[in-house]
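Let me begin by presenting the structure, written as structure tokens, before commenting on it.
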């Protein structure tokens, strides 16, 4: 016996109406390290891959009479210590150099800690933000995620093949730590669906 509303026909009808999220319906809208690097939309067109962040509630256990009771604890943001964005590398390599400069500004190995927060501070502040957009198939923004308190953690290497190169396009990865994220519904037709 079929579970009502969970048949092949129901799946098909829902897929026709609601479609699916596709792997390219996502954009890195802005990257702003307060008092440091700011990547413009023309820079971010080189963003090759990124991911929507997750959120976990830490489970706490209370034991009584031999039984475990699961109680919600604090929140964690998995991957917040190293959120990765992969970029195509432009020929003049300026995009990687902007991020390398931010890395040096965050911790200069000659002069010590410079900080990506307010003047001289080492903790990234609320103005250091990465803004992400989840899109629909018309490229209209559905949701905005803001990674708050961003601070550069890594700028990946680029490997060149001088002897046997084929002209392949190069890319690199940058990783950023953040404190938490917030999100906003941008698609006006989504609000009723979220309140059900």
### Message
Looking only at the stretch 136-151, how many residues end up being under 26 Å from residue 98 (Cβ atoms) and assigned to a strand (DSSP E or B)?
### Response
7
### Message
For the stretch 6-41, give me each residue that is closer than 24 Å to residue 142 by Cβ, without any contact (Cβ under 8 Å) to a residue 24 or more places away in the chain and part of a loop (DSSP other than H, G, I, E, B).
### Response
20, 23, 24, 40
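A quick yes/no check of all residues on (1) under 20 Å from residue 151 (Cβ atoms); (2) in contact with a strand residue (DSSP E or B) (Cβ under 9 Å, 6 or more places away or on another chain); (3) surrounded by 11 or more Cβ atoms within 10 Å (Cβ to Cβ); (4) at pLDDT 90 or above:
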site	(1), (2), (3), (4)
10	no, no, yes, yes
13	no, no, yes, yes
24	no, yes, no, yes
27	no, yes, yes, yes
### Query
How many residues does the stretch 29-47 hold that are within 13 Å of the chain's Cα centre (by Cα) and more than 16 Å from residue 96 (Cα to Cα)?
1
### Task
Kindly indicate which of 48, 96 is in contact with a strand residue (DSSP E or B) (Cβ under 8 Å, 6 or more places away or on another chain) and in a strand (DSSP E or B).
48
### Task
Those residues that are within 19 Å of residue 128 (Cβ to Cβ) and touching a helix residue (DSSP H, G or I) at 6+ places or on another chain (Cβ under 9 Å), I need them from the stretch 86-105; list them, please.
87, 95, 98
### Evaluation of residue 73 against (1) more than 18 Å from the chain's Cα centre (by Cα); (2) assigned to a loop (DSSP other than H, G, I, E, B); (3) surrounded by fewer than 17 Cβ atoms within 10 Å (Cβ to Cβ) (one fails), failing number
(2)
### Query
Which one of these is outside any helix (DSSP H, G or I) and either crowded, with 16+ Cβ neighbours inside 10 Å or modelled with pLDDT of 95 or more (or both): 85, 110?
85
### Query
Can you tell me which of 55, 40, 18, 51 is more than 25 Å from residue 175 (Cβ to Cβ) and exposed (fewer than 13 other Cβ atoms within 10 Å of the Cβ)?
18
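The values are calculated or read from the model by the stated rules, or taken from the named source; none is laboratory data. Model, not experiment: these values are computed from the prediction. Glycine also receives a Cβ, built like all others from the backbone with ideal geometry; neighbour counts cover every protein chain displayed.
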